[in-house]
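Just below is one structure, and these are the notes that go with it.
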Amino acid sequence: MSRIDLNLLTALDALLSERSVTKAAERMKVSVSAMSRTLTRLRTTTGDRLLLQAGRTLVLTPYAERLSQRIPALAREAEAVLSQAEYRFDPATLEQRFTLRAGEGFIDLLGAALVEQIHRAAPGVQLRFAPKPDWNAQPLREGLIDLEIGVVKVSAPEVRARRLFRDRYVGVCRKGHPLLRKKQIAIERWLAYGHVMVSRTGDAENPIDAALELDGQRRALPIVVPSYTSAMQLVRQSDLLAVVPQSCLGNSHLPNYAAEQGLQSFVLPIETPAFNVSAIWHPRLDHDPAQCWLRAQVLAVCGELYPG
């Protein structure tokens, strides 16, 4: 399309509707001589004279008459396509399914509050939580996932992330566990029990065991499970111990979540770094109004349930 100049389309629209080179020039904010040259180009391009002198006025040729029925809509469409996008977004009329990838703990503790908030504003929206077997960024890149919730571990430098809340690790055991007979939990007593390790991939690399290895110590890990919620269920039925994010214990809407399951938390006898739980998305969704709205809803719910 190298020979096509879309500026000719708007000029042709002006000439056909005004039927005057002078008035078309005023409309296009160009000189009369420039518009006259444009008419010459249009005649060459179309192979038709388009406007002919009839006394003191110009009249359209039969071909120009036919064009005059089509050109205004074509010109408006071309200008709309090549202008800044106008977003008229109304969540109340939104009919869309969003696919999120998050851990089971997020779904259990925040899922109900999130869907309630979203449904109030956008009853036509459906949330689909996809399995999270790993931190592969390819589903984000391919558009299979709209939003990922968790720690930023995806191997894709282009992804965007925004912190939802700050979290840290705590120990957890069943109520009445022998470990809790003493207020101060020594590391030796903590390591004397079997631990449930949480790993989606089966990989033993995690901040807990990394910290222990620095001191030449190891946990006994008789079982590995893929989620923190599974670890908590095992712990409540045994003398096993687990390490979970503090957010898994409850929030402002579910303050007794862990206690009601017969679990009790304790401060770990080792130092572990705090970490961010973030919303993660691909930059191609940066400015999509529906996606921006979804991220705002997730951020609002997390801020309400995990303030500070």
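The values are calculated or read from the model by the stated rules, or taken from the named source; none is laboratory data. Quantities reported herein were computed from a predicted structural model and do not represent experimental measurements. Every residue, glycine as well, gets a Cβ built from its backbone with ideal geometry; the counts of neighbours run over all protein chains shown. Keep in mind that these areas ignore ligands, DNA and RNA; they rest on the heavy atoms of the full protein, side chains included. Shrake-Rupley method; radii C 1.70, N 1.55, O 1.52, S 1.80 Å.
Kindly evaluate Asp215 against the criterion of being loosely packed, with under 14 Cβ neighbours inside 10 Å, in the same structural domain as Leu180 (by the TED database) and at pLDDT 95 or above. Break it down stepwise before answering.
Numbers: loosely packed, with under 14 Cβ neighbours inside 10 Å: yes; in the same structural domain as Leu180 (by the TED database): yes; at pLDDT 95 or above: no.
So Asp215 does not fit the description; no.
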**OP:** Quick one: in the stretch 11-52, of everything that is in contact (Cβ under 8 Å) with a residue 40 or more places away in the chain and buried (at least 19 other Cβ atoms within 10 Å of the Cβ), which residue is nearest to Ala80 (Cα to Cα)?
**Re:** Asp13
Subject >> Every residue from the stretch 86-111 that is free of Cβ contacts under 8 Å to residues at least 24 places away in the same chain and either on the phi > 0 side of the Ramachandran plot or hydrophobic (A, V, I, L, M, F, W, C) (or both) >> reply: Ile107
**OP:** Report the residue count in the stretch 60-69 for those that are open to solvent by 60 Å² or more (accessible area, probe 1.4 Å) and at pLDDT 90 or above.
**Re:** 4
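Taking the stretch 235-292, which residues are assigned to a strand (DSSP E or B) and under 30 Å from Phe89 (Cα atoms)? Break it down into steps so the answer makes sense when it comes.
Our first condition is that a residue be assigned to a strand (DSSP E or B); within the stretch 235-292, this holds for 241-245, 263-266, 275-281.
Matches in the stretch 235-292: Val277, Ser278, Ala279, Ile280, Trp281.
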**OP:** Determine whether Ser83 is exposed (fewer than 15 other Cβ atoms within 10 Å of the Cβ), at pLDDT below 90 and among the hydroxyl-bearing types (Ser, Thr, Tyr).
**Re:** yes
Subject >> Verdict on Pro307 being of a type outside the set (Ser, Thr, Tyr) and modelled with pLDDT under 95 >> reply: yes
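So, Ile208, is that one of a type in the set (Val, Ile, Thr), closer than 19 Å to Val235 by Cα and in a loop (DSSP other than H, G, I, E, B) or not? Walk me through it before giving the result.
Details: of a type in the set (Val, Ile, Thr): yes; closer than 19 Å to Val235 by Cα: yes; in a loop (DSSP other than H, G, I, E, B): no.
No; evaluated as a whole, the condition is false for this residue.
Would you point out the residue of the stretch 167-197, among those that are assigned to a strand (DSSP E or B) and closer than 15 Å to Arg218 by Cα, that is nearest to the chain's Cα centre (by Cα)? Lay out the reasoning, then the answer.
Of all residues in the stretch 167-197, those assigned to a strand (DSSP E or B) come to 167, 169-174, 194-197.
Okay, now just the ones that are also closer than 15 Å to Arg218 by Cα, so 194-197.
On the way: Gly194: 39, His195: 35, Val196: 32, Met197: 30 Å.
Looking at residues that are assigned to a strand (DSSP E or B) and closer than 15 Å to Arg218 by Cα, I get Met197.
Give me a count of the residues in the stretch 250-277 that are under 26 Å from the mean Cα position of the chain (by Cα) and under 16 Å from Tyr169 (Cα atoms). Write out each step before concluding.
Residues of the stretch 250-277 under 26 Å from the mean Cα position of the chain (by Cα): 250-254, 274-277.
Pick out the ones that are also under 16 Å from Tyr169 (Cα atoms) and you get 250-251, 274-277.
Going through the stretch 250-277 one residue at a time, the tally reaches 6.
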